[in-house]
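Visitor: Here you go, one structure.
The values are calculated or read from the model by the stated rules, or taken from the named source; none is laboratory data. Computed from a predicted model, the values in this text were never measured in an experiment. Note that we place each Cβ from the backbone using ideal geometry, even for glycine, and neighbour counts take in every protein chain shown. Keep in mind that these areas ignore ligands, DNA and RNA; they rest on the heavy atoms of the full protein, side chains included. Shrake-Rupley method; radii C 1.70, N 1.55, O 1.52, S 1.80 Å.
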Amino acid sequence: MMSAHPKPPVLRQPATPTFYAVVALVAALLAFFVGSYLFTHLDALVANAFGDQAYYLLLLFLALVCAVVLFGVLRSIGSAQGQLFGAAFEFGGPAALFVFVILAGGFLFKGKQTDFPLTIKLRTDDQQTMEGKFGKDAIANSSLLIDLGPLTQPVKLNGDAVGEIQIIPFRFRKTPIGVSLDSKFFVLKEPKSAYPIPDDAVLTLIVVPKPKKTIQARVQSSQLFRITSGGTSDGHSPFCQPRTVRGCVLPQHGGKLVPGSGNVVDLQRNSDRGKFQLAINTPDQICMDFMSSTGACETEIYVQGYVSAVEEFEDKS
C-alpha cells in the first residue's frame, strides 16, 4: 500500500513577474543614481558626516532589488535565521534576502568608519634631531594648529617635537586638513594649504630655521660735533689755521650700520669754508670729518652737526 506524501505548498505571487521586474528596475535605477551621487560627491558627504547615511541608503535600494528579483522575477524563496545582539531572528521569503544584504553590507564595513588618532611629527631637513638643532626651549615654546573645518584645535609638542590628537572624526580620514605652525624658531619648509592624512595617520612635516626679520632705522650720534676756525685778533694763533674734528656714530640696537648711509643732520655752518666729508664707512662705525678754515683770522668760520646712519638689526618682537 502506497502512502501519499503531501506536496510542498506552492508559493503564490500576489503580482505578475512583469510587475516585479518593473519594481526591480525602478529600485535599480534609484540605486544607480544614489551610487553615482555618492561616488561624485563622496568628499563632501564625508566631510559633512553624511557618508554613512548615503551608504546605507544605497544599500537599502540594492537589498530591495535583490529581494524583488529573487521573489518576483525568479520566483525563488529563501530563509535566514540566527542570533544578533542576543536576540533570535528568522526571516523567510524575500525578507530573508533583503535582511541578508543589509546585514552583510553593514558588517562588511563594520569597524572601518571609526574615529582615529592623528600623530604629527616635526623633523629637520638635515638629519639632525629637533632638540639638537633648535633646543628644548624652542620646541616647548612652539605648537601646532590643526584646522578641521568648523573646528580648530591647538596641539602642543612633546620633547621629540611630536604632536598628537587622540580623536579625529572619521569624516576627515580622506579629507586633507590644514596644519599651521606657531613658532618663533622654525617654520614649515614647504607650507601647504592642506595636507592629506597618510594611511597610518602619521603626518611628518619638515621644518627649517625661521628667517630672521630685520628692521632698518636711522640712528645718530648723541654728541653734537662742532669745529671753528678764526675769530681772534692774533694773526698767528693756531685757531686761525684750518681745523678738523672727527665725529662718529655707532650701532645702537645691536645690529650693523649700512655702509654708504652716513650723513650729517641738523647741519649748521656760516660759510662754505665749513665742510664735512666721509672718513670711515664700515658696518661697525661711520665717521665724518668736520673741517673749517678762515680766510681772515678775525673772522670765525664754524660747522656743526650730528653724524647719522642707517642701522639694520633683528626684529625680536
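Visitor: Of the heavy-atom accessible surface of region 153-256 (probe 1.4 angstrom), what whole percent is carbon and sulfur? Please list the in-between numbers first.
Guide: On the way: 3460 of 6550 Å².
Solvent-exposed carbon and sulfur of region 153-256 make up 53 percent of the total.
Visitor: Would you mind getting me the FRET efficiency between residue 241 and residue 285? Use the beta-carbon distance for r and R0 = 25 Å, nearest 0.05. Walk me through the numbers on the way to the answer.
Guide: Numbers: r = 27 Å, r/R0 = 1.09.
Working from the Cβ atoms, E equals 0.35.
Visitor: For region 157-164, what does the Karplus curve 6.51 cos²θ - 1.76 cosθ + 1.60, with θ = phi - 60°, yield as ³J(HN,Hα) per residue in whole Hz, taken in order and with x for Gly and Pro?
Guide: 9, 7, x, 9, 6, 10, x, 10
Visitor: Right, another one. Please list, in chain and number order, the residues 5+ apart from residue 271 or on another chain whose amide H is under 5 Å from its amide H, with Hs placed from the backbone.
Guide: Excluding prolines and chain starts, which carry no amide H, the hits are 302.
Visitor: Determine how large the accessible area of residue 269 is when every protein chain is in place; take a 1.4 Å probe and give Å² rounded to the nearest 10.
Guide: Accessible area of residue 269: about 110 Å².
Visitor: Over region 260-310, average the accessible area per residue using a 1.4 Å probe and give it in Å², no decimals.
Guide: On the way: 2410 Å² over 51 residues.
Using a 1.4 Å probe on heavy atoms only, each residue of region 260-310 averages 47 Å².
Visitor: Related question: Across region 169-179, in residue order, what do the Karplus-derived ³J(HN,Hα) couplings come to in whole Hz, using 6.51 cos²θ - 1.76 cosθ + 1.60 with θ = phi - 60° and x for Gly and Pro?
Guide: x, 4, 4, 8, 4, 10, 10, x, 10, x, 10
Visitor: Please compute the length gained on full extension between residue 217 and residue 147, using 0.36 nm multiplied by the number of residues separating them and subtracting their Cα-Cα distance. Don't jump to the answer; show the numbers that get you there.
Guide: Values: separation 70, 0.36 × 70 = 25.20 nm, distance 3.80 nm.
Separation in residues times 0.36 nm, less the Cα-Cα distance, equals 21.4 nm.
Visitor: Please report the relative contact order for region 172-317, taking Cα pairs under 8 Å with a sequence separation of at least 6, and give it as a percent rounded to a whole number. Walk me through the numbers on the way to the answer.
Guide: Details: 333 pairs, mean separation 43.1, N = 146.
Relative contact order, region 172-317: 30 percent.
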